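Take a look at the structure set out below.
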Amino acid sequence: MASLVRHLTIDCSDAYRLGRFWAAVLDGSLADDDFPGDPEALVTAPGSALLFVTVPEAKAVKNRLHVDLQPEDRSPDEEVERILALGASLVGDHRRPDGTGWVTLADPEGNEFCVERSAAERA
């Protein structure tokens, strides 16, 4: 068997704070042993795991890897609004009049990610 992706690891300035944001986005949870000030925070959610690691340097350039989110129980528009209310910022709106496209957001530390169409909208 080949290797499995255990989790995606994201460098950040405050692992716990960013972990809380992503736990809310993914309707997931932080590990029971994660607390403010910890150097790492693990978020688990259905189908994914993200590990946040505090590093001394700030983000300086565009991500080389990013997360694409697919809403499960709401429209992409509703999901974008929900995530913006959690503290994300809008980077670019690439939606087209025919309903295709995506929205690029940034988490509170500037890491870009996209919200795409739901599976039902792709069918």
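Readers should treat all values here as calculations from the given coordinates under stated rules, not as data from a laboratory. Just so we're clear, the structure is a prediction, and the values are computed from it rather than from any experiment. In this analysis, Cβ positions are derived from the backbone assuming ideal geometry, glycine residues included, and neighbour counts consider all displayed protein chains.
Over segment 6-123, calculate the relative contact order: mean separation of alpha carbon pairs under 8 Å at least 6 apart, over the residue count, as a percent.
Relative contact order comes out at 24 percent.
When DSSP assigns beta bridges and you keep just the ones with both residues in the chain, what percent turn out antiparallel, to the nearest 5?
Taking every DSSP beta bridge with both residues in the chain, the antiparallel ones total about 65 percent.
Report the full-extension gain for the segment Ser48 to Asp33: residue separation times 0.36 nm, less the Cα-Cα distance, to one decimal in nm.
So the chain would gain 3.5 nm between Ser48 and Asp33.
Taking a point 7 angstrom from the Cα of Ala24 along the C-beta vector, which residues in segment 80-123 have backbone N less than 12 Å away?
82-89, 108
What is the Cα coordinate range of segment 1-97 on the first, second and third principal axes, sorted by size from largest, in whole angstrom?
Ordered largest first, segment 1-97 gives principal extents of 43, 36, 27 Å.
Considering only C-alpha atoms, what is the centroid distance from segment 25-76 to segment 89-111, in Å?
Centre-to-centre (Cα) distance: 18 Å.
So which GluC sites (Glu not before Pro) in segment 67-108 end up in coil per DSSP with only 12 or fewer other C-beta atoms within 10 Å?
Of the GluC sites (Glu not before Pro), the ones in loops of segment 67-108 whose Cβ has at most 12 other Cβ atoms within 10 Å are Glu72.
How large is the charge dipole for the chain, taken about the Cα centre, if only the Cβ atoms of Lys, Arg (+1) and Asp, Glu (-1) carry charge, to the nearest 20 debye?
Using Cβ point charges on Lys, Arg, Asp and Glu, the chain gives about 380 debye.
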